[in-house]
Each structure stands twice: as structure tokens, then as C-alpha cells.
Amino acid sequence: MPSAPSKLYSDDVSLLVVTLDTNPFFWSTFSFPFSEFLSHVLAFLNSILLLSQLNQVVVIATGCNSCTYLYDSSSDKSHGSTSGSMPSLYSDLLHNLEVFLARDQQLAKPWGNAAAGGGGAPPSSLLSGSLSMALCYIQRAFRSGPIHPQPRILCLQGSADGPEQYVAIMNSIFSAQHSTVPIDSCYIGSNNSAFLQQASYITGGIYYRPPHLDGLFQYFSTVFATDLHSRAFLRLPKSVGVDFRASCFCHKQTIDMGYVCSVCLSIFCEHHDKCSTCGSVFGQSQSNVASSTNRKRKA
Ligand SMILES: [Zn+2]
Ligand SMILES: [Zn+2]
């Protein structure tokens with residue numbers, strides 16, 4: 001990825017927007033407890049703020065049904081409540097997280113109910129929502145003036161991809177690419193996340209799946225704490241074997257081969273007479289044309 005134009009006062013000042021996966025369906029079945037994960041994340045966020053006084057950290061919760069801003073180090077409230085032993089990072093973030101988890105749970109549909117769209121798989125996290133919120137925040141920073149910190153997004157994700165979010169997530173990824181905002185991904189789930197692999201690959205960020213979760217802080221601080229300027233001098237994990245498979249627009253399932261609308265590039269797993277996205281009418285296949293002309297001749 002070409003480096004972002006130098007519109008900054010320093011290459012070393014970062015705006016780090018973190019999306020935090022809070023999906024209770026994932027954490028309740030995962031071997032590593034959420035509280036321990038959170039302690040690694042908080043230590044990492046603190047270290048980012050300690051690296052430079054001008055660094056800024058924003059945390060967005062990725063729930064099952066909603067997303068919200070949990071913490072913004074630049075807000076006046078954060079600065080105001082920094083007192084004594086308990087930094088505002090901990091008190092504000094933990095308080096907002098508690099409120100958010102309770103509200104997100106209220107919005108939850110009963111899992112496993114076919115009518116609710118639950119099916120058999122546990123509900124996925126709303127990654128498309130938190131990515132969009134992160135990009136909105138960054139756009140606001142871009143428009144705040146000619147001098148602003150260098151933004152990047154870090155997705156801390158554990159739950160499996162939600163194929164139904166494919167289009168929204170790809171739109172966010174291309175929007176980030178257009179704004180030269182790298183999306184870093186730390187995925188702790190059992191299998192790789194195709195969405196996050198693609199997000200990091202396309203935007204020039206780093207995708208990494210830590211092999212040992214006990215040393216999570218170490219991975220965070222060595223891989224994801226580096227600002228964009230320093231990355232040019234480091235040997236960071238390279239993406240290998242990115243899963244580029246797409247999801248079909250009709251059933252939202254990941255497919256190996258499919259049909260693509262030549263007008264709007266929508267992807268379908270089976271042949272349709274008409275594109276459901278843009279309404280283009282596709283030509284009949286050769287065999288259909290032949291049989292219909294034969295019928296006409298006979299008549
Ligand atoms: Zn389909
Ligand atoms: Zn189309």
C-alpha cells in the first residue's frame with residue numbers, strides 16, 4: 001500500500017481505533033476467558049497512550065446486535081477524570097462496557113429460533129457496524145484540520161465471520177483503502193477469518209493469529225503497537241494464504257464458484273434470469289435459446 005500523504009505534524013503520532021469483539025456466544029464457549037483477554041487489551045491500550053502524549057485511542061465494542069463507542073482518550077471527560085490510581089481508561093471503559101453488554105443482551109433474538117434467523121450457528125458479531133463507526137470517526141479526524149494523527153484500525157475479533165455481512169464489510173474495507181487507513185487484525189478464533197484476512201491484505205494492514213493467548217500482550221505490543229512510520233523498518237508478519245472467497249448475494253453463503261452480474265458485479269451461487277441487485281436481465285443460455293426457437297418453428 002502506498003504510504004499516506006504527509007498531512008501530519010509527525011509520523012509517529014497515532015490515532016488507534018480498536019474494535020473489541022464482545023460476542024457472548026463466542027466468549028461463553030471459548031477456552032480463554034474474556035476478563036483475561038480484556039486485561040491484555042487494557043495494558044496494550046495504556047502502552048499506546050504512554051508511547052506518545054499525542055497518541056489517541058478510541059475503543060468500539062462489537063456486539064451481536066449493536067455497536068458503541070466505549071472510550072475516547074481525546075474527550076474532555078476522559079482527561080477530567082484521570083485522577084490518582086485509577087486511570088480513566090479503565091474506569092470509563094469498564095463502566096461503558098458493562099452498560100453496553102446489558103443493552104446488547106436486551107436486543108438479542110432467541111438463538112436457534114429459525115424465524116429469528118438464528119439457525120444452527122451462533123450469531124456472529126456485528127463487525128460491519130463497528131468498522132463503519134471506526135471509519136466515521138476517522139473521517140471526522142481527517143476533516144478536523146490539516147494537522148491530525150495518523151489513523152489506523154485494529155480489529156480484535158474472535159467470533160466466526162458472518163457471511164450475511166459480506167457486502168457491508170467489503171464496502172468498509174474499500175472505503176478504508178480509499179482513505180489509506182490500514183486495518184490491522186488480531187484474530188483469536190480457532191480458524192482464520194477470511195473477512196479480516198482480506199481487510200488487512202487490501203488495506204495494507206497486518207493480520208495475525210497469535211498461537212499462544214497467554215502472551216497476548218506481548219503479541220499486541222510487538223506487532224500492533226508500531227506506528228505506520230516505524231513499520232517500514234520492521235519485519236512484521238506477512239499475510240500468507242489469504243482466503244479470497246466471496247459470499248453469494250442470494251443466500252449469503254461462502255462459495256468457491258459462482259455467477260457474476262456483468263453490470264454491478266453482484267455474485268450469485270446459481271443462475272438467475274434477472275440480477276436482484278441492479279435489475280439487469282441476463283441473456284438466455286444457448287440451450288434455452290435453441291429449444292425456444294425449435295418450439296416456435298414447430299408451431
Ligand atoms: Zn446463493
Ligand atoms: Zn447486477
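Just in the stretch 196-245: which trypsin sites (Lys or Arg not before Pro) are loop by DSSP and have at most 10 other Cβ atoms within 10 Å? Could you put the intermediate results ahead of the total?
Values: sites: Arg231, Arg235, Lys238, Arg245; in loops: Arg235, Lys238, Arg245.
Answer by residue number: Arg235, Lys238.
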Determine the sum of side-chain charges near Ile48: Lys and Arg each +1, Asp and Glu each -1, restricted to other residues whose C-beta is under 15 angstrom from that of Ile48.
-> -2
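Net charge near Cys269, counting Lys/Arg +1 and Asp/Glu -1 over other residues with Cβ under 11 Å of its Cβ? List each step's numbers first, then the result.
Values: positive: Lys252; negative: Asp256, Glu270.
Net charge around Cys269: -1.
How charged is the neighbourhood of Pro237? Take every other residue with its Cβ under 11 Å from the Cβ of Pro237, and add Lys/Arg as +1 and Asp/Glu as -1. Don't jump to the answer; show the numbers that get you there.
Working: positive: Arg209, Arg235, Lys238; negative: Asp184.
Net of charged neighbours comes to +2.
Indicate the gyration tensor shape class of the stretch 18-57 (rounded, prolate or oblate), computed on the Cα atoms with a ≥ b ≥ c the square roots of the eigenvalues: a/c under 1.5 is rounded; otherwise a/b larger than b/c is prolate and the rest oblate. Don't skip to the answer; put the middle values down first.
Values: a/c = 5.92, a/b = 2.56, b/c = 2.32.
It is prolate, given that a/c is not under 1.5 and a/b is the larger ratio.
Taken together, the values in this text are just the output of simple stated rules run on the coordinates, not laboratory data. A quick note: this is a predicted structure, and the numbers were derived from the prediction, not measured. With ideal geometry, Cβ positions are generated from the backbone for all residues, glycine too; neighbour counts draw on all protein chains shown.
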